[in-house]
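Student: One structure, pasted below without further comment.
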Amino acid sequence: MPALGFSHYNLRAPRALLDELRDFYRDVVGLQPGVRPPFKSFGYWLYAGPQAVLHLSEARPGEEREGAPHGTFDHAAFRCSGRAAYERELAQRGVPYRTALVPETQVLQIFFTDPAGNGVELNFEELDG
């Protein structure tokens with residue numbers, strides 16, 4: 001019974017941070033808010049094309065843990081195009097980032113963190129922008 005592919009990841013946060021995360025992933029990463037089933041809890045689903053890849057869910061009362069460790073989660077990665085535009089957007093928003101080249105490939109990576117401190121990686125197959 002093999003896994004068939006990646007579905008989504010979920011971030012839980014208080015409502016104000018949830019809205020900030022939605023805006024960040026929409027405006028900086030380029031995900032699009034879309035249809036979310038009518039769950040009892042509040043949240044957003046953000047899409048990359050037809051796939052809802054990021055679920056944002058409001059934390060339950062008492063679930064917010066200030067400074068809680070992230071466990072072993074390091075980052076979520078997205079395939080992207082238009083590297084120069086992403087770098088301009090990050091610079092305009094004052095988001096610090098670093099780049100790296102995947103060894104033996106032509107894939108350039110951009111690394112940064114979202115407003116909750118979660119790692120984000122953008123992968124670009126074109127090196128010139």
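The values are calculated or read from the model by the stated rules, or taken from the named source; none is laboratory data. Remember, it's a predicted structure, so these values are computed and weren't measured experimentally. Here Cβ is always computed from backbone atoms with ideal geometry, including for glycine, and neighbour counts include all displayed protein chains.
Student: Search the range 114-129 for residues being surrounded by 11 or more Cβ atoms within 10 Å (Cβ to Cβ) and either among the small types (Gly, Ala, Ser) or at pLDDT 95 or above (or both), and hand back the single one that is nearest to residue 22 (Cα to Cα).
Tutor: Quick first cut of the range 114-129, residues surrounded by 11 or more Cβ atoms within 10 Å (Cβ to Cβ) only: 114-116, 118-126, 129.
Cutting the leftovers down to either among the small types (Gly, Ala, Ser) or at pLDDT 95 or above (or both) gives us 116, 119, 129.
Working: 116: 11, 119: 15, 129: 26 Å.
Filtering first and then ranking leaves 116.
Student: Out of the residues in the range 58-80 that are of a type outside the set (D, E, K, R) and at pLDDT 80 or above, which is farthest from the chain's Cα centre (by Cα)?
Tutor: Looking only at the range 58-80, we keep the residues that are of a type outside the set (D, E, K, R), and these are 59, 61-62, 67-73, 75-78, 80.
Among the residues that remain, those that are also at pLDDT 80 or above are: 59, 75-78, 80.
Numbers: 59: 18, 75: 8, 76: 6, 77: 7, 78: 8, 80: 12 Å.
Out of the qualifying residues, it is 59.
Student: Still on this structure, I have one more. Taking the residues in the range 40-55 that are out of contact with any Ser or Thr (no Cβ under 7 Å at 6 or more places or on another chain) and not in a strand (DSSP E or B) as candidates, determine which candidate is nearest to residue 83 (Cα to Cα).
Tutor: Restricting attention to the range 40-55, the residues satisfying the condition of being out of contact with any Ser or Thr (no Cβ under 7 Å at 6 or more places or on another chain) are 40, 42, 44-55.
From the residues that got through so far, the ones that are not in a strand (DSSP E or B) too are 40, 42, 49-50.
On the way: 40: 38, 42: 33, 49: 18, 50: 22 Å.
Of everything passing the filter in the range 40-55, 49 is nearest to residue 83 (Cα to Cα).
Student: Looking only at the range 16-39, count how many residues are exposed (fewer than 12 other Cβ atoms within 10 Å of the Cβ) and either assigned to a loop (DSSP other than H, G, I, E, B) or in contact (Cβ under 8 Å) with a residue 12 or more places away in the chain (or both).
Tutor: Residues flagged as exposed (fewer than 12 other Cβ atoms within 10 Å of the Cβ) and either assigned to a loop (DSSP other than H, G, I, E, B) or in contact (Cβ under 8 Å) with a residue 12 or more places away in the chain (or both) within the range 16-39 amount to 5.
Student: Still on this structure, please answer the following. Just to be sure I understand, how many residues within the range 1-57 are charged (D, E, K, R) and either assigned by TED's automatic domain parsing to the domain that holds residue 79 or under 21 Å from residue 79 (Cα atoms) (or both)? Outline the logic, then answer.
Tutor: From the range 1-57, those charged (D, E, K, R) are 12, 15, 19-20, 22-23, 26-27, 36, 40; that's our starting set.
Add one more test, that the residue is either assigned by TED's automatic domain parsing to the domain that holds residue 79 or under 21 Å from residue 79 (Cα atoms) (or both), and what stays is 22-23, 26-27.
Total meeting the criteria: 4.
Student: Against the conditions (1) out of contact with any strand residue (DSSP E or B) (no Cβ under 6 Å at 6 or more places or on another chain); (2) at pLDDT below 95, where does residue 96 fall short? Just the number, please.
Tutor: Status for residue 96: all satisfied but (2).
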